[in-house]
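The values are calculated or read from the model by the stated rules, or taken from the named source; none is laboratory data. Everything numeric in this text was worked out from a predicted model, so none of it was measured. Cβ: placed from backbone, ideal geometry, glycine included. Neighbour counts: every protein chain shown. The accessibility values were calculated without ligands, DNA or RNA, using every heavy atom of the protein model including side chains. Shrake-Rupley method; radii C 1.70, N 1.55, O 1.52, S 1.80 Å.
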Amino acid sequence: MKRQEIIKGMEKYLKVKYGVKIEEAKEYEIFNALSLTLLEGIVDDWNKTTDEYSKHKKAYYFSAEYLMGRALGNNLISLGLYDEVKDILEQYNININKIEEIEEDAGLGNGGLGRLAACFMDSAATLDMPLTGYGIRYSNGLFNQKFVDGFQMEEADNWLKYGDPWSVRKDRDTQIVEFSDMKVKAVPYDTPIIGYGTKNINTLRLWKCEAINEFDFNEFNDQKYDKAVKLKNRADDISRVLYPNDSNQEGKLLRLRQQYFLVSASLKDILKKHKEKNGEITKEFSSLHAVQLNDTHPTLAIPEFIRILVDEENVKFEDALEIAKKVFAYTNHTILAEALEKWDVKLIKKLFPRIHAIIVEIDKSLAKELKSKGYTDISDFKIIANRQVRMANLAIYVSSAVNGVAQLHTDILKDTELNNWYKLYPTKFQNKTNGITPRRWLRLCNQELSALITELLGSEAWVKDLSLLEGLKKFENDEKVLKRFMDIKHKKKEQLADYIKENHGIELNPDSLFDIQIKRLHEYKRQLLNAFYILDLYYRVKENPSMDIPPVTFIFGAKAFPGYRRAKAIVKFINEIGRMVNNDASINGKIKVVFVENYRVSYGEKLFPAADLSKQISTAGKEASGTGNMKFMLNGTPTFGTLDGANVEIAQASGEDNNFIFGLKVEEIEALKGKYSTEEFYSKNKDLKKVIDSLIDGTFDDGGSGDFQDLYNSLMKEGDQYFLLADFESFKATEDQVFAAYKDEKKWAQKCFANVCNSGVFSSDRTILQYCEEIWNIKKTPIK
Ligand code: 26V
């Protein structure tokens, strides 16, 4: 798009939508008008891409979550228009950052799983790969977090209140979804996924649930107004809110409805288009379509697909199952037992009896196969057992490929968690180490570092081929380059400090070491271990004010699931530590502790570039991969972490010397199980005892909730499932190494720089290419 076209477009949309001129427009009006202008500019290429893809094999990403964040800045970068638009806005005295900040995050996900889906969308589009995302257009994304007196409070995330200029409603593609007790409309909203530096525009299609009839006129005429809109409300409920992963019974029923709603609408959409082009459904179907199941959430797609083929397309059950076995593939994102989905048979039977009958048939076919292979005890494999449907077993049995998301995670699946399945189907199992998109996580969020890299490498090609970052290695001893590199880090720290000052009123020292842990709050991620460490450090500094450490700022960001008491208790505990430490003048500002409110994608974009240390401290074996760890690395931040998930590969890629690895390894944790005595660690280590006791000895106030006592119990009475006590000393010793290393400015800069140079392999472009080549069998399809 040319400068004049952009200005004309903005003038036009401001006039028709708001009746104002650019000079008079409010920030959100500029945001909307600019977004619509850009959308108009790409719509022809978008249609062309859709057309072209329909002639080839396509893949579909089925995901209950997409954590997209903001669109405007990212799209401007992808279109190569960021600087041009910045300049145009400046001409009208408008700061582009202000316009970017006005956009609400599309926060339609809980954490890593949803953000991975978003990165994959970006990578597939950039690589011209025919991948379409299917999901749900929740009216409310993940809750907004507020702190009141240090406690987390949740507020509804009404992200659509000012509309969403980046989605287009496609009524013509509406589908009907049937439950036993209701029929609803699934209306698609398409969002363009603009590839970086390519003409291809891919599609993310999110379904909104609506009633088939807005309201019942008979009831309305009888003046029973509430009843008249009841059906509408029941339908709206289905896509009303993204459920946090810990929902209660009522939440669960709706979640199951959501899952079926998503897969039924998506499959009907795919099958309809297929039939329009190819006629009836035959075994050739799988040569044109591949469906990836993002965790087990969309697994009902398997029986729904078979149901449609058998009941509506006259395909025999056995043939339908055979086709399904070639179409679907499944990604596992966690080994935590409590996160593995199981649904009560009763619930499934009640909502969709025919789906239940089909699952029974699939289970029989599995049993037959196992028996024919000589298995006698098939209880672990069964899809239906103890009156529950085990979604993972259903997904694994029918999928052509099952993958983990980091090498260690895949190994654990193969060797332990899914070892029975691995022995049955060794060739199904694959590894696909996660990745992150370099567009959002470097090019957009760290434009200063991006400019330096482009200058040093002589081109912007690295944005599309991140392995080129290796070319920076020749500057690893170049003091001038290292200085500029670290000056940028300092600038990003200043920007973050300004933002935190403005938003939370807390003053940070950008000359201090920014030690950051940002991720969902969960016991296995061990934010509590970090908190204990900080408290211990504070006590040590208080006792010895001349202790030789650099000033350090500990930053946390995390949402705790609303029903997860212990996670919320940890939030409160950290906020209490912050209150104590930040208000103690006697430590001379050496330590600060900040828990930023409402951590989300757009906040991450400010935090990752500003970090000196990336905290990745999960109990070994528990974090499937992690992707935040990669975002830090790409922005030149050493990892302080356990050998867990992708940390293992990060340390391999950038060298153990350039990171800080501590704690028990997976095998050591396994060996400790059954023999672990928290009492021993506690009684032998008075510093550790002191920080643990602070939970119950009146040092901190939990507002009478008993939450801190409960945390204490989790460690001292319930066996410390996540081995915090066992890793405490190693943590401490390793953080001391960090402080020592940080003092040597040049060496520190080299560590940071080495992380950038070696981060290429963690591009989601690499990951998505592996899915394309090794699972989906789809090819680059660029439009002209
Ligand atoms: C769900 C639940 C639900 C019940 C309470 C405990 C619990 C714990 C975790 C989860 C999340 C399951 C799926 C998930 O988000 N996995 C994340 O996927 C990322 C992308 O592959 C990966 O990087 C993270 O390591 C993994 O936790």
Just to be sure I understand, how many residues within the range 505-557 are within 16 Å of the ligand (Cβ to nearest atom) and among the hydroxyl-bearing types (S, T, Y)? 1
State which residue is nearest to the chain's Cα centre (by Cα) when the search covers only the range 170-203 and only residues that are farther than 21 Å from Q258 by Cβ and in a strand (DSSP E or B). I193
Among the numbered criteria (1) farther than 22 Å from F532 by Cβ; (2) open to solvent by less than 30 Å² (accessible area, probe 1.4 Å); (3) not in a loop (DSSP other than H, G, I, E, B), which one does L711 miss? (1)
If Q292 satisfies every condition in (1) exposed (fewer than 15 other Cβ atoms within 10 Å of the Cβ); (2) within 16 Å of the ligand (Cβ to nearest atom) but one, which is the exception? (1)
Is one or more of the residues making up the range 574-581 free of Cβ contacts under 8 Å to residues at least 24 places away in the same chain and open to solvent by 10 Å² or more (accessible area, probe 1.4 Å)? no
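Check T734, T781, T767 and return the single one that is part of a loop (DSSP other than H, G, I, E, B) and among the β-branched types (V, I, T).
Details: T734 fails: part of a loop (DSSP other than H, G, I, E, B); T767 fails: part of a loop (DSSP other than H, G, I, E, B).
Unique residue meeting the criteria: T781.
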Please pick out the residue among M129, M153 that is free of Cβ contacts under 8 Å to residues at least 24 places away in the same chain and away from the ligand (no atom under 16 Å from the Cβ). M153
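Return the residues of the range 473-489 that are of a type outside the set (F, W, Y) and either open to solvent by 60 Å² or more (accessible area, probe 1.4 Å) or farther than 28 Å from S602 by Cα (or both); say none if nothing qualifies.
Here is the first cut: in the range 473-489, the ones of a type outside the set (F, W, Y) are 473-474, 476-484, 486-489.
Scanning the range 473-489 gives K473, K474, E476, N477, D478, E479, K480, V481, K483, R484, D487.
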Yes or no: the range 74-87 includes at least one residue that is under 27 Å from K326 (Cα atoms) and within 21 Å of the chain's Cα centre (by Cα). no
Listed residues V601, V593, V648; which is at pLDDT 95 or above and open to solvent by 20 Å² or more (accessible area, probe 1.4 Å)? V648
V360 β-branched (V, I, T), at pLDDT 95 or above and within 16 Å of the ligand (Cβ to nearest atom): no
Restricting the first residue to the range 685-714 and requiring it to be closer than 15 Å to E523 by Cβ, which pairs with a second residue that is outside any loop (DSSP other than H, G, I, E, B) meet a Cβ separation below 6 Å and a spacing of at least six or different chains? L695/F708; L695/L711; L695/Y712; D707/A569; L711/A569
Filter the range 341-386 down to residues that are loosely packed, with under 12 Cβ neighbours inside 10 Å and over 20 Å from L256 (Cβ atoms) and give me whichever is nearest to the chain's Cα centre (by Cα). S379
Cβ-Cβ under 6 Å pairs, at least 6 apart or on other chains, the range 618-644 side farther than 25 Å from L413 by Cα and open to solvent by 10 Å² or more (accessible area, probe 1.4 Å), far side polar (S, T, N, Q) and within 11 Å of the ligand (Cβ to nearest atom): none
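Rundown of residues vs (1) among the polar types (S, T, N, Q); (2) away from the ligand (no atom under 16 Å from the Cβ), yes/no style:
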| site | (1), (2) |
| --- | --- |
| D83 | no, yes |
| Q91 | yes, yes |
| G112 | no, no |
| F120 | no, no |
| G133 | no, no |
| D157 | no, yes |
| K170 | no, yes |
| T174 | yes, yes |
Give the residue that is farthest from the chain's Cα centre (by Cα), with candidates limited to residues of the range 387-399 that are farther than 20 Å from Y422 by Cβ and surrounded by 16 or more Cβ atoms within 10 Å (Cβ to Cβ). Q388
Which is more than 27 Å from the chain's Cα centre (by Cα) and open to solvent by less than 30 Å² (accessible area, probe 1.4 Å), of A329, A320, A301? A320
Taking the range 717-729 only, how many residues are open to solvent by 40 Å² or more (accessible area, probe 1.4 Å) and in a helix (DSSP H, G or I)? 1
